[in-house]
Amino acid sequence: MNYTLNQLQIFLKIVQTNSITRAAKELNLTQPAVSIQLKNFQDQFDIALTEVIGRKLYVTDFGREIADTVENIVNQVYAINYKTHAFKGQLYGRLKISVVSTGKYIMPYFLSDFLNQNPGVELIMDVTNKNKVVESVELNEVDFALVSIMPNIYGIQKLDLLKNKLFMVGNTNFNSVNNQIINEKNLSPLIYREKGSGTRQIMESYLEQHHIASIKKLELTSNEAVKQAVIAGLGCSIMPLIGIKNELSNGDLKIINMKGMPIETTWSLIWQKSKKHSPVSIAFLEYLKLKKDEIVKNHFNWYEMY
């Protein structure tokens, strides 16, 4: 047998995701490249590792046994690399972070200099909705998670990074007279994020608190989709300021003057109090404590305009 470390890593990711497409996405590879490496790996065995039934990929029992061994091999390789870098006084290892979808506009700025200073650190960042982010913390699948609403989990510690401001927004043609506070009837339809989204939770809380009932509503599954729908004139929505900077600047979106706006929460990095941090996650946490105010000043100073 003559399989490569790359093939082992790709096969393991396919087993973990149960999908060639998702594995390719997480590995930043094309789907054909992953398929080819899977075939080359599979060809070295007389027993099938995977099978396709009804266009869905399944891992065989034999494949899962091989995957267990592969995982041990990959972990040993990481251990070798870690010990080598540690011996040379360099930081090495994985940093796993789960981020709510709107957090993708924030987290990279708090990561870039740290990763540049520590080239031996590998970042794995999952961008998803609030429910899945909270689940990843509960199951101890990540080192940290970025949220804008604190979850109701016992024993959570946090580090506040940035204010989260949310406004009601409409497109450039939205009719607001002299920027006065408007009647909720002018807002229909309202565009919501999907259930499980932190932004939707904030939006529903605001509407209930101010007794605003939408005559008609639309539901979309990403912040970007909501933004494009508002720009196209499909309706209005409550959106985080962090994700609409350019659209406000170029006039594609406008802030609608509403009572109780902006809504303010806090972007916080959270983790389990009982978590045993790796040297990488400890170093990242210390870096943020030292540098977070400077990062906010350098990259988010424009926030104070709104």
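Would you pick out the residues in the stretch 254-286 that are charged (D, E, K, R) and either part of a strand (DSSP E or B) or within 22 Å of Gly170 (Cβ to Cβ) (or both)? Steps first, answer last, please.
Just the residues of the stretch 254-286 that are charged (D, E, K, R), to begin with: 254, 259, 264, 273, 275-276, 286.
Passing the criteria: Lys254, Lys259, Glu264.
Conditions (1) modelled with pLDDT of 85 or more; (2) aliphatic (A, V, I, L, M); (3) closer than 26 Å to Ile106 by Cα; (4) not in a loop (DSSP other than H, G, I, E, B), marked per residue:
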| residue | (1), (2), (3), (4) |
| --- | --- |
| Phe174 | no, no, no, no |
| Asn186 | no, no, no, yes |
| Tyr192 | yes, no, yes, yes |
| Gly196 | no, no, yes, no |
| Arg200 | yes, no, yes, yes |
| Ser205 | yes, no, yes, yes |
| Ile212 | no, yes, no, no |
| Ile215 | no, yes, no, no |
| Leu218 | yes, yes, no, yes |
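Might you check whether a residue that is under 25 Å from the mean Cα position of the chain (by Cα), surrounded by 15 or more Cβ atoms within 10 Å (Cβ to Cβ) and touching a residue at least 40 places away in the same chain (Cβ under 8 Å) occurs anywhere in the stretch 210-222?
Within the stretch 210-222, one or more residues are under 25 Å from the mean Cα position of the chain (by Cα), surrounded by 15 or more Cβ atoms within 10 Å (Cβ to Cβ) and touching a residue at least 40 places away in the same chain (Cβ under 8 Å).
Hey, can you tell me all the residues within the stretch 23-48 that are under 26 Å from the mean Cα position of the chain (by Cα), surrounded by 13 or more Cβ atoms within 10 Å (Cβ to Cβ) and within 18 Å of Val74 (Cβ to Cβ)?
Ala23, Ala24, Glu26, Leu27, Leu29, Val34
For the stretch 1-57, which positions are among the hydroxyl-bearing types (Ser, Thr, Tyr) and part of a helix (DSSP H, G or I)? Outline the logic, then answer.
Start the filter on the stretch 1-57 by keeping residues that are among the hydroxyl-bearing types (Ser, Thr, Tyr), which leaves 3-4, 17, 19, 21, 30, 35, 50.
Matches in the stretch 1-57: Thr17, Thr21, Ser35.
Looking at Lys227, is it within 30 Å of Lys292 (Cβ to Cβ), in contact (Cβ under 8 Å) with a residue 40 or more places away in the chain, of a type in the set (D, E, K, R) and not in a strand (DSSP E or B)? Working first, answer last.
Numbers: within 30 Å of Lys292 (Cβ to Cβ): yes; in contact (Cβ under 8 Å) with a residue 40 or more places away in the chain: no; of a type in the set (D, E, K, R): yes; not in a strand (DSSP E or B): yes.
For Lys227, the condition - within 30 Å of Lys292 (Cβ to Cβ), in contact (Cβ under 8 Å) with a residue 40 or more places away in the chain, of a type in the set (D, E, K, R) and not in a strand (DSSP E or B) - is not met.
Can you pull out every residue in the stretch 106-154 that is hydroxyl-bearing (Ser, Thr, Tyr) and more than 21 Å from Ser197 (Cα to Cα)?
Step one: filter the stretch 106-154 for residues hydroxyl-bearing (Ser, Thr, Tyr), giving 109, 112, 128, 136, 148, 154.
Of everything in the stretch 106-154, those that are hydroxyl-bearing (Ser, Thr, Tyr) and more than 21 Å from Ser197 (Cα to Cα) turn out to be Tyr109, Ser112.
Here is a list of conditions, (1) in the same structural domain as Phe174 (by TED's automatic domain parsing); (2) farther than 22 Å from Gln201 by Cβ, and Ile255 meets all of them except one; can you say which number that is?
Tallying (1) in the same structural domain as Phe174 (by TED's automatic domain parsing); (2) farther than 22 Å from Gln201 by Cβ, Ile255 fails exactly one: (2).
With the requirement that a residue be polar (S, T, N, Q) and surrounded by 15 or more Cβ atoms within 10 Å (Cβ to Cβ), what does the stretch 1-22 give you?
Let us first name the residues in the stretch 1-22 that are polar (S, T, N, Q), namely 2, 4, 6-7, 9, 16-19, 21.
Correct list: Gln7, Gln9, Thr17, Ser19.
Quick one: in the stretch 276-306, which of the residues that are aliphatic (A, V, I, L, M) and under 17 Å from Gly103 (Cα atoms) is surrounded by the most Cβ atoms within 10 Å (Cβ to Cβ)? Steps first, please.
Of the residues in the stretch 276-306, the ones aliphatic (A, V, I, L, M) are 280, 282-283, 285, 288, 290, 295-296, 305.
Now restrict to residues that are under 17 Å from Gly103 (Cα atoms): 288, 295-296.
Values: Leu288: 18, Ile295: 20, Val296: 18.
This residue is Ile295.
Residues checked against (1) farther than 14 Å from Val70 by Cα; (2) of a type outside the set (D, E, K, R); (3) in the same structural domain as Ile124 (by TED's automatic domain parsing):
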residue	(1), (2), (3)
Gln9	no, yes, no
Leu12	no, yes, no
Thr17	yes, yes, no
Lys25	yes, no, no
Thr30	yes, yes, no
Val34	yes, yes, no
Gln42	no, yes, no
Ile47	yes, yes, no
Glu51	yes, no, no
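The values are calculated or read from the model by the stated rules, or taken from the named source; none is laboratory data. Keep in mind it's a predicted model, so treat the numbers as computed, not measured. Backbone-built Cβ (ideal geometry, glycine too); neighbour counts: all protein chains shown.
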